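Below is one structure, written out as structure tokens, with a few remarks after it.
What follows is calculated from the coordinates using simple rules that are stated; it is not laboratory data. Note that this is a predicted model, so its numbers are computed, not measured. Because the Cβ atoms are built from the backbone with ideal geometry, glycine has one as well, and the counts that use them run over all protein chains shown.
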Amino acid sequence: MMKRITAILFALVLIFSVALLPASAAGEASYSYRFDDNADLLTDAEEQALKETLYDVCSKCGCNIVFFTANDLNGATFTHTGTAQDYTQRYYETCCGVNTDGVVCGLILRDEDGDRQVLLYGSGKCVKRLSDSESKDIRDNAISKHNPDSKGYYEFLNSIALGVKSAVPPHLKWYMLPLALLIGFAIAMIIMSIFKKQLKSVKMERGAVNYVRQGSMNVTASRDTYLYSTVSRTARPKESSSSGSSHSSGGGSYSGGGSKF
């Protein structure tokens, strides 16, 4: 029982120590969060509540978070190609720079086709941390469960923010994994030394003779029989990646996409 309790404590300490590392790593870099309600879809109280959520997402994920709403693609202070995709990506680049680590969500009421569209992209290292499929799942979940036509835009945007928080893992520094392993090894050595001190009656044996009961095992015959063989061939799967699926007119690379609804 004592060994089991010690093993459980060891596992908890190791998990706790590793869990603290991402938070400390994320806190080293300087990231920002931003919400621009250009379409005036939220009340002041809703806007403040969403900004608090975005601050939490920015802190936990360790990346820039930019959310905005727009009535259409006109009147931008930056150049773009006239599509909702490029508008959203250039919006992010204007706020945070090209290929910086971050996530941008744009809610545009009238895109180039006159449709309402929500777009969600990852930039920089978040291209790999937010895949195309994850972006689509977040958008689809918000549209199906928090349709703004019936529940308002705050629940819709807040759902996307929480989806980003769940999907985007904290970014670890290169030294975090070796440090976590070193901490776990040190704890394991301490526990094993305690166990070793408790085994005072045990000594090392050079062989296994003393563990075998005399006459308990007699091998009288042995035989190898070949039965049959089966050879199967499977085509090697081709590598595919959903990262960096689009590029902005400003030169940035992005994962993710948009959904009309």
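Summary table
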| item | result |
| --- | --- |
| FRET efficiency for residue 166 and residue 233, using Cβ-Cβ distance with R0 set to 45 Å, rounded to 0.05 | 0.65 |
| Phi-based couplings in Hz for the range 153-169 (Karplus 6.51, -1.76, 1.60; Gly and Pro marked x) | 7, 5, 4, 5, 5, 5, 4, 5, 4, 5, x, 5, 4, 6, 7, 8, x |
| Summed residue charge, Cβ within 11 Å of residue 114's Cβ, Lys/Arg positive, Asp/Glu negative | -2 |
